[in-house]
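Report on the structure given below.
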Amino acid sequence: MTNPLPTQARLHALIDAHRTLPGATLPMLHAIQDSFGYVPDEALPMIASALNLSRAEIQGVVSFYPHFRRSPPGRHTVQICRAESCLAMGAEALEAHVKAQLGVDFHQTTADGTVTLEPVYCLGNCACSPAIRVDDDIFGRVSARRFDAIVEELQHPAGEGASA
């Protein structure tokens, strides 16, 4: 996600690279979020201008899709599966535990900037429900105790006094 180009130059390069694609709005937004970790405020008028759309139209797309973030995420993103299989296997209780443990709700980041919590609607790990994804790693059969161990490792990586 790190890139040495200044924000404006990076945004212009990403917008220019995607402006001629069919349905360019979503590819642009995805590219920007992939580069920055979120969609910066200054990107909206730049996208609108490049695509001859209003800022409101771009804002509408960004606000419609929960995937797009409007502020920088934590160092790690934790997603809790909210699909039927996970719900049937205890995801609601896990969700309550996770929110209490982290002190945040969905789409929020812990005060220390370590974890951003997000819902997701199927991780494709139904046989091992309830499931979570931490960054790019999927974990199945997650209990409150297992979640606590996973988060402890995020907050205190191996070699820094973490318990495994």
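The values are calculated or read from the model by the stated rules, or taken from the named source; none is laboratory data. These numbers come from a predicted model, not from an experiment. FYI the Cβ positions are ideal-geometry reconstructions off the backbone, even for glycines, and counts take in every protein chain you see.
Screening Asn3 on (1) at pLDDT below 95; (2) exposed (fewer than 12 other Cβ atoms within 10 Å of the Cβ) shows it passes everything except condition (2). With respect to (1) within 30 Å of Arg10 (Cβ to Cβ); (2) touching a Phe, Trp or Tyr at 6+ places or on another chain (Cβ under 9 Å), the lone exception for Lys99 is condition (1).
The residues listed here are Leu94, Leu154; of these, the one that is aliphatic (A, V, I, L, M), buried (at least 17 other Cβ atoms within 10 Å of the Cβ) and modelled with pLDDT under 95 is Leu154.
Selection of the range 62-72 for residues being polar (S, T, N, Q) and assigned to a helix (DSSP H, G or I) yields only Ser63. Scanning the range 107-154 for residues that are farther than 16 Å from Met89 by Cβ, assigned to a loop (DSSP other than H, G, I, E, B) and either among the small types (Gly, Ala, Ser) or touching a residue at least 24 places away in the same chain (Cβ under 8 Å) (or both) turns up His107, Thr110, Ala111, Asp112, Gly113, Thr114, Asp135.
Tell me the residue from Gln59, Gln79 that is farther than 25 Å from Gly124 by Cα, of a type in the set (S, T, N, Q) and not in a loop (DSSP other than H, G, I, E, B), please. None of the other options fit; the residue is Gln59.
Inside the range 13-56, residues that are surrounded by 15 or more Cβ atoms within 10 Å (Cβ to Cβ) and in a helix (DSSP H, G or I) make up a count of 20.
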